[in-house]
Amino acid sequence: MSSIQEIQDEIVSEFEILGDDKESTIYYIMELGGSLEDFPESERIEENTIKGCQSKVWLIADKEDSKVHFQADSNTDITKGLISLLLRVLNNRRPEEIINAKLDFVERIGMGSIIGSQRSNGFASMIKQIKLYALAFQTKQNA
Amino acid sequence: MGLDIEKIRGLFPVLHQEVHGKPLVYFDNAATTQKPQAVLDALTNYYEKDNSNIHRGAHALADRATRYFEETREAIQQFINAREAAEVIFTKGTTEGINLVASTYGRKFVEKGDEIIISTLEHHSNIVPWQMLCEEKGAILKIIPINEAGEILFEEFEKLLSPKTKLVSIVHASNALGTINPVKQVIDAAHAVGAKILLDGAQSSSHLQIDVQALDCDFFAFSAHKLYGPTGLGCLYGKREVFETMPPYQGGGEMIKEVTFEKTTYNEIPFKFEAGTPNIGDVIAFKAAIDFINEIGKNAIKAHEDELLTYANEQLTQIKGFIPVGTAKDKVSVLSFNINAMHPYDVGMMLDANGIAVRTGHHCTQPLMKRFGLEGTVRASFAVYNSKSEIDKLAESVSRIARIKNK
């Protein structure tokens, strides 16, 4: 499995190919959403939504062999694409890796100007929730 | 006879820019309109030459500022054909106007068991103040239902009316769908049972001729920023005889006649409702916006916008996957729609990538969206400076977005 940094570098080079074309970038992000694994219907409940997102985002996590496995979904394609980027970097890793991950790709691809400030806040909430899950698993592990 | 749109566009500096490398197409006019240079100049001019506090200063600047401030009030009086300028109160916007009526007229006259009627089409700002009042007073909020086209069911409204009805507060033109309500009939029916009536004119005031005397409404609330004027400013019209029965809204300077620690007597209208230093610069600049509208003429503006709406409907209905929301016979230039299986946010984002500014979401009308079983819509709303070639760009983008999703 590639390191967090390697995957981030991959993402950055993919976005570099898209260049400044905003429309292609948005299409690309929407397409990425299609790679999310199917989200269990029974988990599509209020407790699993991330607060602070304009669109609905559901996120759940469990631990398999000391690694955290995330599943997520959203009612909008762009948000699905955004969360799939995050999971590509952070899914199936040890809690401490997730907690310590420096997500420099966000700034390097200019996420703020792609999705605008309102969605950027939502994106930050997703990162926070992913890290909170990792922290909870780590705390449990050490208890 | 058509308007010279290029000439009109020339008056709006903000329109001449690129967004994401594409020329800006601004179709979010129901949220706020852009401001002509004359409004910007009036604002700068005020701060450069006339800035001072109004109504009590004993010097030349205060005198000028007061005169210009009151000239706007007179311009608005004429704009809505009020009997006198004192029937026009300056507020922060439509929302504050409605809250003012709820907090003063409502608190004084609405009692337990009384009824207030609104419609399914209302913006949250014409729902929540009445819910708060009803909760406080033990009054009951009744809702006029609508049909699939987004038009109120007048017979159902008549059934809701009774001697218990204290107030009817209804939107003149819907912000989410564009529906123009048959307000004259609503007003007459409300008056027939002795109820007072407030019109939410936030959307109608920029498109329709407003004649509060002919309408005979008791209150009419609207916002300057949807009328090519500054943000954070609005007006509440009220009939003098109704305003005079109402207690003040907020306490402070300006609204008093005499203050002693034992008792305060209140000023006359409109000052009774304008506590504190008002938004002087924006009020003065608002006159330039009113002048701009008057110069073109409301009828010419409406005719142009109707033409744009008809054209947009023709172009967009040909697109597979295009679903219009709100198809009332009588509409202002608002086109709400969805694209098959796509979330409005995604559509809005892709239109933005093409330089096209629209509004997406529930438009602060969640009960209305629920009525249609929708999370939201994409809303394109047109103003006097928009053109058919801009609508072509919208149609082209929508067509491309719909194809990608349908492939």
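Table for the structure above
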quantity: Average other protein chain Cβ within 10 Å of Cβ, residues B:341-349; calculated: 6
quantity: Viscosity 1.567 mPa s, temperature 4 °C, Stokes-Einstein D of chain B from Kirkwood C-alpha radius, µm²/s; calculated: 58
quantity: Extension gain (nm, one decimal) between B:Glu135 and B:Arg83, 0.36 nm per residue minus Cα-Cα; calculated: 15.3 nm
quantity: Shielding by partners, peptide A:19-27 (average Cβ within 10 angstrom, other chains); calculated: 5
quantity: Bridge type composition, chain B - antiparallel percent by DSSP, nearest 5; calculated: 60
quantity: Lysine pairs with alpha-carbon atoms under 17 Å apart, segment A:4-142, spacing 8 or more or separate chains; calculated: 13
quantity: Share, in percent, of DSSP beta bridges within the protein assembly as shown that are antiparallel, nearest 5; calculated: 65
quantity: Most to least packed among B:78-89, A:36-47, B:128-139 [average Cβ atoms within 10 Å]; calculated: B:78-89, B:128-139, A:36-47
quantity: Burial ranking of peptide ranges B:240-249, B:276-285, A:89-98 (average Cβ count within 10 Å, highest at the top); calculated: B:276-285, A:89-98, B:240-249
quantity: Members of B:Lys7/B:Lys298; B:Lys112/B:Lys164; B:Lys137/B:Lys164; B:Lys137/B:Lys263; B:Lys92/B:Lys287 lying beyond 19 Å, as alpha-carbon distances in this model show; calculated: B:Lys137/B:Lys263
quantity: Positive minus negative residues near B:Ser204 (Lys, Arg vs Asp, Glu; Cβ under 13 Å); calculated: +1
quantity: Segment B:291-318 versus segment B:234-287: alpha-carbon centroid distance in Å; calculated: 37
quantity: Long-range HN-HN contacts of B:Ile356 with modeled amide H, under 5 Å; calculated: B:Val25
quantity: B:Gln17-A:Glu41 pseudo-label distance in nm [points 7 Å out on the Cα-to-Cβ vector]; calculated: 4.7
quantity: Rough spin-label spacing in nm, given labels placed 7 Å along Cα→Cβ, for B:Thr32 and A:Ile7; calculated: 4.0
quantity: Protection proxy ranking, peptides B:257-265, B:327-335, average beta carbon neighbours within 10 Å, highest first; calculated: B:327-335, B:257-265
quantity: Accessible surface, segment A:73-143, averaged per residue in Å² (probe 1.4 Å); calculated: 44
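The values are calculated or read from the model by the stated rules, or taken from the named source; none is laboratory data. All of these numbers come straight from a predicted model, not from anything done at the bench. Don't worry about glycine lacking a Cβ; one is built from the backbone with ideal geometry, like all the others, and counts go over all protein chains shown. The accessibility values were calculated without ligands, DNA or RNA, using every heavy atom of the protein model including side chains. Shrake-Rupley method; radii C 1.70, N 1.55, O 1.52, S 1.80 Å.
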